[in-house]
1. How about segment 439-491: which of its residues are basic (Lys, Arg) and either at pLDDT below 95 or under 23 Å from residue 108 (Cβ atoms) (or both)?
2. If the requirement is being over 20 Å from residue 225 (Cα atoms), among the acidic types (Asp, Glu), part of a helix (DSSP H, G or I) and away from the ligand (no atom under 11 Å from the Cβ), which of these qualifies: 152, 156?
3. Can you name the number of the only condition in (1) among the basic types (Lys, Arg); (2) at pLDDT below 95; (3) more than 16 Å from the ligand (Cβ to nearest atom) that residue 99 fails?
4. Would you kindly identify the strands (runs of 3 or more DSSP E) lying entirely within segment 204-312 that contain at least 1 residues that are within 12 Å of the ligand (Cβ to nearest atom)?
5. What number of residues in segment 440-470 are closer than 16 Å to residue 503 by Cβ and not aliphatic (A, V, I, L, M)?
6. From the list 500, 464, 486, pick out the single residue that is hydrophobic (A, V, I, L, M, F, W, C) and surrounded by fewer than 17 Cβ atoms within 10 Å (Cβ to Cβ).
7. What pairs come up if the first residue lies in segment 343-365 and is assigned to a helix (DSSP H, G or I), the second is surrounded by fewer than 15 Cβ atoms within 10 Å (Cβ to Cβ) and at pLDDT 85 or above, and their beta carbons are under 8 Å apart, counting only those six or more places apart or on different chains?
8. Could you look through segment 313-337, keep only residues that are more than 29 Å from residue 216 (Cβ to Cβ) and modelled with pLDDT under 90, and pick out the one that is nearest to the ligand (Cβ to nearest atom)?
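The values are calculated or read from the model by the stated rules, or taken from the named source; none is laboratory data. Note that the coordinates shown come from a computational prediction; the quantities given were computed from them, not determined experimentally. Using ideal geometry, Cβ is built from the backbone for each residue, glycine included, and neighbour counts are taken over all protein chains shown.
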Amino acid sequence: MIKTKINDFLKKKNIETKLEHPSVEKFGDFAVRGDVDMSGLDIVEKVDRVAGFSNLWIKENVLIDEAKNILNDEYKNELENIGKGKTVIVEYSSPNIAKPFGIGHLRSTNIGQALYNIYKILGWNTIGDNHLGDWGTQFGKMITAIKYWGMENTIEGLEKLYVRFHTEAETDKTLIDEGREWFAKLENGDVEARKIWQECVDISLKEFNRVYELLGVKIDNAYGEEFYLKMLPEVIQTFKDKKLSKTSEGAEIVEVPDLPPAMILKSDGATTYFTRDLATIKFRKEKWSPDLIIYEVGSEQTLHFKQVFAAAKLVGWDANFVHIGHGLIRWKDGKFSTRKGDTIHLSDIIDKAMEMAKKMAPENDVESIKKVAIGAVKFNDLASDPKKDIIFDWERVMSMEGNSAPYLQYTYARCKSVIQKSKLQTPNFKQDEKFDENEKQLLRYFYIFEEKIVEAGERYSPAVLAEYLLNLARKYNEFYGKCRIVGEPEEARRIFLTSVTAKIIKDGLSILGIETLEKM
Ligand code: ARG
């Protein structure tokens with residue numbers, strides 16, 4: 001990578017400074033503060049000194065080589081070295097059994113999968129884990145409801161049962177006690193409770209797997225919360241033995257510095273979400289010795305994760321933990337998705353996206369329509385920093401001109417159609433040809449692709465890459481508007497630039513989990 005080469009050079013010369021890309025193109029490719037002597041670094045063409053900065057220009061042949069490395073996939077070998085020998089666990093998606101797959105889980109799935117892909121291309125040993133919400137007191141309520149009103153065979157049906165339980169419990173308080181009893185039975189391995197629970201899991205997984213298939217998402221592991229039950233007594237005992245927990249009003253609690261205490265065992269003996277997360281950490285450390293664990297879970301669980309990480313640290317199960325804490329999805333009319341709004345059915349969103357995509361994809365080609373629709377919905381989740389709330393605005397999501405997946409897919413298809421019109425299969429231009437002003441703007445932007453993949457990983461933000469792809473597409477379309485390509489004396493160079501643009505959009509979108517179309 002060009003940036004790495006310059007940084008290494010600066011380090012060797014003991015120059016401590018930050019390398020940046022000037023925001024204005026006429027100020028060169030890189031800027032460093034101060035008067036820096038670049039003699040001895042042969043990739044640099046010239047240095048301009050402006051307003052306390054040294055502006056560096058990279059040699060054209062170096063830029064061309066970088067672009068060629070992208071075309072022939074050589075760049076992947078370089079990226080792969082970055083994370084070599086390191087292991088990361090990316091926990092994402094994690095929907096809840098017997099509840100519909102909501103737009104919050106969709107967000108976790110999309111961002112989590114993109115991060116997984118980013119770490120993978122950076123050479124990390126990457127492990128995905130879907131921490132299914134398949135345990136907790138709600139299952140006691142669920143079983144009670146099923147016992148009274150009968151089993152359902154869809155997630156929607158199960159959700160209705162759960163809602164009915166709460167409505168009826170408002171007037172009939174005994175239901176709450178019954179729910180608690182059924183959960184105790186479930187935790188103690190009662191055969192009937194266990195059987196009903198398993199049915200709920202099967203119904204839900206069937207639906208989740210349908211969603212994953214639709215989204216083209218595959219998660220390596222799905223150790224749900226239930227998987228950790230057998231480890232809980234040991235976890236609780238460890239905290240007791242190390243005097244890290246104490247009894248308070250019948251419950252066992254852990255006091256973590258500067259945070260409210262967390263319960264590892266309830267007064268009625270029920271286990272908690274918190275304890276299951278601690279067991280998960282212990283298990284992951286023993287199984288994978290991760291260097292990093294990323295949790296892609298909504299920001300409403302920030303306190304929970306602070307407590308979990310702090311407690312893990314207290315007990316000596318420390319690791320490099322990151323909770324991404326994605327923001328809410330807000331509808332364009334201003335309403336936030338509430339707990340209730342969060343159950344907006346994913347299938348409704350996909351259906352509407354498919355309907356709108358029909359106008360964009362080649363007619364009657366269901367596969368292409370799906371690529372546009374799913375791509376648009378995914379990109380909406382990925383295009384802004386995960387921590388930010390995002391607005392769901394159908395017009396923008398499906399726009400062919402704006403900051404959207406269809407816009408990138410459309411630019412890709414445009415590149416492909418240009419290449420197809422050209423007779424130059426291998427765009428060989430002569431060694432001594434110079435790229436003109438318009439061409440150079442593109443050429444100077446290609447190598448930044450790799451930097452952005454690295455940065456997206458460092459900042460846990462696929463948006464870094466998404467934004468770069470949009471900028472590249474804008475630059476290409478501007479170039480396309482100004483310069484004729486096929487049949488011109490510059491054809492070879494321009495087809496080369498078109499091919500590199502297409503390659504970056506395709507690879508970049510693929511990292512984001514989005515497919516391209518050859519025609520649009
Ligand atoms: N199932 C949870 C929910 O939907 C998310 C799980 C988050 N991961 C964790 N390790 N606690 O709220």
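1. 452, 459
2. From the options 152, 156, the qualifying one is 156.
3. Going through the list (1) among the basic types (Lys, Arg); (2) at pLDDT below 95; (3) more than 16 Å from the ligand (Cβ to nearest atom), residue 99 breaks only (3).
4. Correct list: 292-295.
5. Looking only at that region, the number is 7.
6. 486
7. From segment 343-365, the pairs are 350/214.
8. Result: 335.
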